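The values are calculated or read from the model by the stated rules, or taken from the named source; none is laboratory data. Just so it is clear, the model here is predicted, and its values are computed rather than measured. Cβ placement follows ideal geometry from the backbone for every residue including glycine, while neighbour counts extend to all protein chains displayed. In case anyone asks, the SASA skips ligands and DNA or RNA and just uses the protein heavy atoms, side chains included. Shrake-Rupley method; radii C 1.70, N 1.55, O 1.52, S 1.80 Å.
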Amino acid sequence: MAGDVIAVGGSTPTVQGGAGRSYWGFRNLTLQMYMNKTLIDYFILKGFSDTPELQIIVFVLVLFIYLITLGGNMTILILICLERHLHTPMYFFLANLSIIDISFTTSMLHKIFTSFITGDRTVSFHGCMTQSFMCGSFTVHQLYILTAMSYDRYVAICIPLRYQLVVNKVTCVVLASLCWSLGFLFICPITLVLSSFSCYTSIELNHFLCDINFLMKMTCSDTSVLDILFFIEGWFLFFLFPFLLTFLPYIFIIIAILKIRTTTGRYKAFYTCSSHLTLVTLLYTVNIIQYMIPNTLDYKQFFTLINTVLVPLLNPLIYSLKNKDMKNALRRRRAYWCNMSI
């Protein structure tokens, strides 16, 4: 093209002129944009701390709590399966919650255990995306199962005469299936969009697991679609919708309890839903702090650890220490197994 002069200086040719300057300027700008970016196929998880002594202390503590969580939820599942008087809707949903807690903690913590034993802190890109999917889906499973349990408590206290008719086996199976399906369906679009990103600012993830929020902050790809999707699903489908469906029935439950004339009747009615209400309140409090309140990454990591390790522990503790049916079933089974051994 007239007026364009190609000059060669050193090993890199330069172009002087209108069209040439535009091309090489765009190329140099693109190189500068991606000079500090990395196309990766694996991540390195930093863990809890850079201090080896602190890593050992946290690992032992997490392993101890995990074993208690695993043993407690497995005990709940076994008792519900073996004891016929526990074959009720409330304990059916409680069994689903125990399965979710076991699956959630195992999928989130297995890399911590293996990396501590082997010393390998790397996780493949697809493995990281899978863990992100499991983290999000099991969180949604948990929230919606607690919503179904809230519905069960509402029917039991507000319309007890119609309880057997309304909350039957078919209703329980349909609600549980819907809760499991919603968890997988809601998190699929977010994970698929996130897995399409291959450009990240670093391969080192300052976390002990693959968290969607951390990955979104680290990617150098355009996250506008993912931000909108995460906002809509995070606020409405993951939080607001199950939150309202869980706590609105308790307004009617409290009104029904206040209408009971005797103190004994009020205490008995409140006792039947106190365990569930305690677990729901703690779970939503931790999730609000973890996902909804802006804070530092280290702060989020701390509450992620609480949500991953301590919250699943609450299920067996609350429903075994406060629930008379579970304690009586455990005594009967312990006496039965002792007689069998003798």
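Can you pull out every residue in the stretch 240-271 that is out of contact with any Lys or Arg (no Cβ under 9 Å at 6 or more places or on another chain) and open to solvent by less than 30 Å² (accessible area, probe 1.4 Å)?
Scanning the stretch 240-271 gives P242, T246, A256, G265, A269.
Contact list please: Cβ distance under 8 Å, first residue in the stretch 71-100 and in contact (Cβ under 8 Å) with a residue 24 or more places away in the chain and open to solvent by 50 Å² or more (accessible area, probe 1.4 Å), second residue part of a helix (DSSP H, G or I) and among the hydroxyl-bearing types (S, T, Y), pairs at least six apart or on different chains.
Correct list of pairs: M74/S98; T75/S320.
Hey, could you check the stretch 239-293 for residues that are more than 21 Å from I318 (Cα to Cα), among the hydroxyl-bearing types (S, T, Y) and part of a helix (DSSP H, G or I) and say which is nearest to the chain's Cα centre (by Cα)?
Among those that are more than 21 Å from I318 (Cα to Cα), among the hydroxyl-bearing types (S, T, Y) and part of a helix (DSSP H, G or I), it is Y291.
Of these, F239, F230, which one is among the aromatic types (F, W, Y), farther than 22 Å from L97 by Cα and in contact (Cβ under 8 Å) with a residue 12 or more places away in the chain?
F230
In the stretch 30-65, which residue that is modelled with pLDDT of 85 or more and of a type in the set (F, W, Y) is most open to solvent (accessible area, probe 1.4 Å)?
So, considering only residues that are modelled with pLDDT of 85 or more and of a type in the set (F, W, Y), the one most open to solvent (accessible area, probe 1.4 Å) is F64.
Could you figure out which of (1) assigned to a helix (DSSP H, G or I); (2) out of contact with any helix residue (DSSP H, G or I) (no Cβ under 6 Å at 6 or more places or on another chain) isn't true of S221?
Checking S221 against (1) assigned to a helix (DSSP H, G or I); (2) out of contact with any helix residue (DSSP H, G or I) (no Cβ under 6 Å at 6 or more places or on another chain), the one that fails is (1).
Quick one: in the stretch 175-217, which of the residues that are under 16 Å from S124 (Cβ atoms) and in a helix (DSSP H, G or I) is most open to solvent (accessible area, probe 1.4 Å)?
Across the stretch 175-217, the extreme among qualifying residues is S195.
Identify, please: which residue in the stretch 145-172 is of a type in the set (S, T, Y) and open to solvent by 10 Å² or more (accessible area, probe 1.4 Å) and is, among those, farthest from I102 (Cα to Cα)?
Y163
Being free of Cβ contacts under 8 Å to residues at least 40 places away in the same chain and aliphatic (A, V, I, L, M) is the filter here, so list the residues in the stretch 109-131 that pass it.
Result: I117, single match.
Confirm whether T106 is polar (S, T, N, Q), within 24 Å of the chain's Cα centre (by Cα), assigned to a helix (DSSP H, G or I) and within 26 Å of S195 (Cβ to Cβ).
Here the answer is yes, as T106 does meet what is asked.
Quick one: is I68 open to solvent by 30 Å² or more (accessible area, probe 1.4 Å), touching a residue at least 60 places away in the same chain (Cβ under 8 Å), over 25 Å from N168 (Cα atoms) and not polar (S, T, N, Q)?
Yes, satisfied.
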